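Structure first, commentary second.
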Amino acid sequence: MCLACRLSRRRFATLLGAASLAAGPAARASKRLPVIMLDPGHGGHDPGAIAPDGAFEKDITLATGLTLHGILAATGRYHVHMTRSTDDFVTLDGRVAMASDAKANLFLALHCDHLPTAGLRGASVFTLSANASDTLSADLADAQNRADQTTAYGNVPPKVANILASLETRATRLSSATLSDDIRDSFAGIIPLLPDPQRSANFAVLRDPTTPSTLLEMGCLTNPLDERLLQSPTHRRLIAERLTQAIDLYFSTYSGQRVAG
């Protein structure tokens, strides 16, 4: 996407976010630090993808999430939460509910890919879409989804609720796409990326219309080079540092405001 188009989308998303904020009491709320919900995928009895040497995806996502939590918290610019900080199983709807309860400004799910071709390697970033961008993305979402999440708007007239839902969904999806751009740009030339790294699918953990969300596949456990990197604390810290850069850029645009809600 050209730079002018990206800047235009950022401005449009910001305007939509301002409109949704002005629609309710949140517009009068005092400023607060942005809230980030990190979601290390899988856990407990669910190992996620399993590498040829037996490494579990759930262990890699948790280790990366803890490292990223430490780096983000150390900046003093964010309140950082995690859906899990130990080897526990959390349902998909439970993960979304945690972000909603925390009034998260951003939800970032961390995963490792498992592709049918061992030669494919690199990270990819997913945003929500009813129609998957490709067959592999659709299969990945189908394999992970277990529950839906619905959102209510309280005691407001149906027409007003519909307008709020439309504003939330549009602004949130634009914000999610912008974050996806920022992650791709922060990784480019440093963290290996799939040839087509920005994808979309109907992931349950990305469905909350009030929280900009992305799902990061940090690399492919089916690729020997990626597997070696993903098991390296040094590489996982590099991923966390680049994600912090992307998140800083994202919030420099949206000024820490909750886009919808």
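No value in this document is a laboratory result; all are computed from the given coordinates. Everything numeric in this text was worked out from a predicted model, so none of it was measured. Backbone-built Cβ (ideal geometry, glycine too); neighbour counts: all protein chains shown.
The figures follow:
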{"item": "The range 47-100 shape via C-alpha gyration tensor axes, a/c threshold 1.5", "result": "oblate"}
{"item": "Sequence of F56, F187 once ranked by neighbouring C-beta atoms within 10 Å, starting from the fewest", "result": "F56, F187"}
{"item": "Surrounding net charge for A99, when Lys and Arg each add one and Asp and Glu each subtract one, Cβ distance under 9 Å", "result": "-1"}
{"item": "By average C-beta atoms within 10 angstrom, highest first, the peptides 237-247, 104-114", "result": "104-114, 237-247"}
